[in-house]
Amino acid sequence: MRIVLLGPPGAGKGTQAQIIAGQLGVPAISTGDIFRANVSGQTELGRKAKVYMDAGDLVPDEITVAMVKDRLAEPDAKAGFLLDGFPRTIAQAEQLRGSLEELGHGLDRVVELVVEEEELVRRLSGRRMLVDGEWVQRDDDRPETVRHRLQVYREQTAPLSGFYDGEGLLSRIDAIGTIEEVTARVMTALGRPVQPGQPSDG
Ligand code: AMP
């Protein structure tokens, strides 16, 4: 299956992407994770991306699209994938459609996780990540950057909802609830409902 997971920062995309990709047996591909790995590894790509990430802005399409194209060409993504955090602009969505068409494929479904903005701010400002045994706040989860990221989402990424709805691919999912509840809703939207008694985390 070829799936895109859409949703604002703080909607739980990363968590759901891991669980759902595990259940579908496809790789979860997170552009944010790839960028962060490049920043930690101090690569050229990481150096370029960091400036935008720290400001809460999108990394330019030409950098991001080339990176995703390379990742999708890897053998583990041949039979399917779940994209988390890509596309984030209409231009990226069009590039993705073009790349998949070249390979004779298309997306099977786009799942949008829906959470209202007040709840997103609350979640993001309280979020911590475990790095080398310590709980740390992501630089871009600071309150002023969070507000900017949400604005960027509204302006540049939210239009993707209409774009994919127009293609008949969109499922909008209420992403308020426990992790298991949200996973179950997504799996139902993907036509793979979780059976009663079956663990939803994999
Ligand atoms: P995320 O972990 O998905 O919240 O992404 C963290 C940051 O990485 C974003 O705020 C952007 O700066 C950058 N980023 C991730 N995915 C993309 C994308 N598809 N296009 C542009 N920038 C991205």
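For the range 140-181, just say rounded, prolate or oblate: build the C-alpha gyration tensor, square-root its eigenvalues into a ≥ b ≥ c, call rounded for a/c under 1.5, and beyond that prolate if a/b exceeds b/c, oblate if not. Taking the square roots of the gyration eigenvalues as a ≥ b ≥ c, the range 140-181 is oblate. Taking all protein chains into account, the per residue accessible area for the chain stands at 51 Å² (1.4 Å probe). Remark on the range 9-50: hydrodynamic radius 11.3 angstrom, per the Kirkwood mean of 1/r across alpha carbon pairs.
In this structure, the amide hydrogen of residue 7, modeled 1.01 Å from its nitrogen in the peptide plane, lies closer than 5 angstrom to those of 113, counting only residues at least 5 positions away or on a different chain. Computed over protein heavy atoms with a 1.4 Å probe, the carbon and sulfur contribution to the accessible area of the range 119-164 reaches 50%.
Would you mind getting me the FRET efficiency between residue 102 and residue 63? Use the beta-carbon distance for r and R0 = 22 Å, nearest 0.05. Show your work: numbers first, answer last.
Working: r = 20 Å, r/R0 = 0.92.
The value I calculate is 0.65.
Give the relative contact order (percent, whole number) for the range 1-124; include only Cα pairs under 8 Å separated by 6+ residues.
Values: 151 pairs, mean separation 60.0, N = 124.
Worked out over the range 1-124, it gives 48 percent.
Once the convex hull of all Cα atoms in the range 102-202 is built, its volume per residue stands at 179 Å³. Note: the range 79-136, Cα convex hull, 139 Å³ per residue.
With the whole protein complex present, residue 43 retains an accessible surface near 50 Å², based on a 1.4 Å probe.
Share of the range 2-107's accessible area from carbon and sulfur, percent, 1.4 Å?
Details: 2450 of 4670 Å².
Here carbon and sulfur together make up 53 percent of the probe-accessible area.
A cut-off of 5 Å between modelled amide H atoms, ignoring neighbours fewer than 5 places along the same chain, links residue 81 with 2, 3.
With coordinates expressed along the principal axes, the C-alpha atoms belonging to the range 35-93 extend over 34, 27, 17 Å, beginning with the largest.
Counting only Cα atoms, I'd like the Rg/Rh figure for the chain, Kirkwood definition for Rh.
Taking Rh as the inverse mean 1/r over Cα pairs, Rg/Rh reads 0.94.
Converting phi to 3J(HN,Hα) with the Karplus coefficients 6.51, -1.76 and 1.60 and the offset θ = phi - 60°, the range 160-166 yields 5, 4, x, 4, 6, 5, x Hz in sequence order, with x at every glycine or proline.
The values are calculated or read from the model by the stated rules, or taken from the named source; none is laboratory data. A quick note: this is a predicted structure, and the numbers were derived from the prediction, not measured. Quick reminder, even Gly has a Cβ in these numbers, built from the backbone with ideal geometry, and neighbours come from all protein chains shown. Accessible surface areas use protein heavy atoms only, side chains included; no ligands, DNA or RNA. Shrake-Rupley method; radii C 1.70, N 1.55, O 1.52, S 1.80 Å.
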